[in-house]
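Trainee: Could you have a look at this structure, given as structure tokens, before my questions?
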Amino acid sequence: MTKTLDPVIERAIDLARAAAESEAGPGQVGAYLGAEAEAKRLATHLFECTDPAYRGWYWSVTVARAPKSRTPTVDDVVLVPGPDSIVAPCLLYT
């Protein structure tokens with residue numbers, strides 16, 4: 001079953017970008033990559049990370065709204081690795 005983007009949250013791109021820029025600092029948030037519905041009134045907006053030290057990573061901003069509210073709020077801002085990003089190796093101990 002495909003989740004449908006809430007229209008209020010779908011339009012909250014500027015809110016999500018401002019939250020990412022507040023966390024990342026000036027000039028570190030690039031192109032808008034789209035949004036994905038997580039639940040009925042919850043979605044994640046994605047932005048390219050332009051910091052050269054984090055090539056292939058992106059900013060993930062989760063936005064929500066309360067029932068009957070027309071005002072979305074930021075729930076979470078996090079920098080996450082993309083499929084082509086460089087990450088530290090995971091060490092497994094036996």
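Trainee: Please give the Cα centre distance for the range 1-33 versus the range 44-85, rounded to the nearest Å.
Mentor: With the range 1-33 and the range 44-85 each reduced to a Cα centre, they are spaced 6 Å.
Trainee: Here's something else I'd like to know. When the accessible area of the range 1-44 is computed with all protein chains present and a 1.4 Å probe, what percentage of it is carbon and sulfur?
Mentor: 51
Trainee: Return a whole-number percent for the relative contact order of the chain, with Cα pairs under 8 Å and 6 or more residues apart as the contact set.
Mentor: 25
Trainee: Could you give me the ³J(HN,Hα) list for the range 73-86, computed from phi with Karplus coefficients 6.51, -1.76, 1.60 and θ = phi - 60°, whole Hz, x at Gly and Pro?
Mentor: With coefficients 6.51, -1.76 and 1.60, one gets 10, 7, 9, 7, 10, 8, 8, 10, x, x, x, 10, 7, 8 Hz.
Trainee: Next up: Report the gain in length on full extension from Ser69 to Asp14: 0.36 nm times residue separation, minus Cα-Cα distance, nm rounded to one decimal.
Mentor: Contour length minus the Cα-Cα distance gives 18.0 nm.
Trainee: To two decimal places, what compactness ratio does the range 32-94 give when its Cα radius of gyration is scaled by 2.2 N^0.38 Å?
Mentor: Scaled against compact globular proteins, the figure is 1.43.
Trainee: Here's a follow-up. Mind listing the phi-derived Karplus ³J(HN,Hα) values for the range 34-47, rounded to whole Hz, using 6.51, -1.76 and 1.60 with θ = phi - 60°, and x for any glycine or proline?
Mentor: x, 9, 9, 5, 9, 7, 4, 10, 9, 8, 10, 9, 10, 9
Trainee: Of Pro81, Pro26, Pro72, which has the largest mean-square fluctuation in a 10 Å C-alpha GNM of the chain?
Mentor: The residue with the greatest mean-square fluctuation here is Pro26.
Trainee: Here's another thing I want to ask about it. To the nearest 10 degrees, how steep is helix 13-24 against the longest Cα principal axis of the chain, on a 0 to 90 scale?
Mentor: Taking the Cα atoms of the chain, the angle to 13-24 is about 30 degrees.
Trainee: To continue, here is another question. Could you report the chain's accessible area per residue, 1.4 Å probe, as an integer in Å²?
Mentor: With the other protein chains kept in place, the chain gives 68 Å² per residue.
The values are calculated or read from the model by the stated rules, or taken from the named source; none is laboratory data. Fair warning: this is a prediction, and the values are worked out from it, not measured in the lab. Just so you know, the surface numbers come from the protein's heavy atoms only, side chains and all, with ligands and any DNA or RNA stripped out. Shrake-Rupley method; radii C 1.70, N 1.55, O 1.52, S 1.80 Å.
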